[in-house]
């Protein structure tokens, strides 16, 4: 499974990661940066007095493989 990990700085300076499962493996930097900026502009995610996703920092695709030993 591929997971897209989007790292942001929150309004209080803390780092927050938004993880999206089943990500497309054909993503490019420009489209991901644009999407991250759009998410930040919406200001949808808050916890207590902090906006969680304010400043895009980085993005990466993480591949997770399962090796079944027995079932």
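Specify which of the listed residues (2, 9, 19) is more than 17 Å from residue 55 (Cβ to Cβ), modelled with pLDDT of 95 or more and touching a strand residue (DSSP E or B) at 6+ places or on another chain (Cβ under 9 Å).
Of the residues listed, the single one that is more than 17 Å from residue 55 (Cβ to Cβ), modelled with pLDDT of 95 or more and touching a strand residue (DSSP E or B) at 6+ places or on another chain (Cβ under 9 Å) is 19.
Just checking, how many residues over segment 28-71 are surrounded by 10 or more Cβ atoms within 10 Å (Cβ to Cβ) and in contact (Cβ under 8 Å) with a residue 60 or more places away in the chain?
1
Restricting to segment 35-71, what's the tally of residues that are in a loop (DSSP other than H, G, I, E, B), farther than 14 Å from residue 20 by Cβ and in contact with a strand residue (DSSP E or B) (Cβ under 8 Å, 6 or more places away or on another chain)?
3
Just to be sure, is residue 2 touching a residue at least 60 places away in the same chain (Cβ under 8 Å) and more than 11 Å from the chain's Cα centre (by Cα)?
Yes; evaluated as a whole, the condition is true for this residue.
If only one of 13, 25 is surrounded by fewer than 10 Cβ atoms within 10 Å (Cβ to Cβ) and either touching a helix residue (DSSP H, G or I) at 6+ places or on another chain (Cβ under 6 Å) or over 26 Å from residue 1 (Cβ atoms) (or both), which one is it?
13
The values are calculated or read from the model by the stated rules, or taken from the named source; none is laboratory data. Source: prediction; values computed, not measured. Every residue, glycine among them, receives a Cβ derived from its backbone with ideal geometry; neighbour counts consider all protein chains shown.
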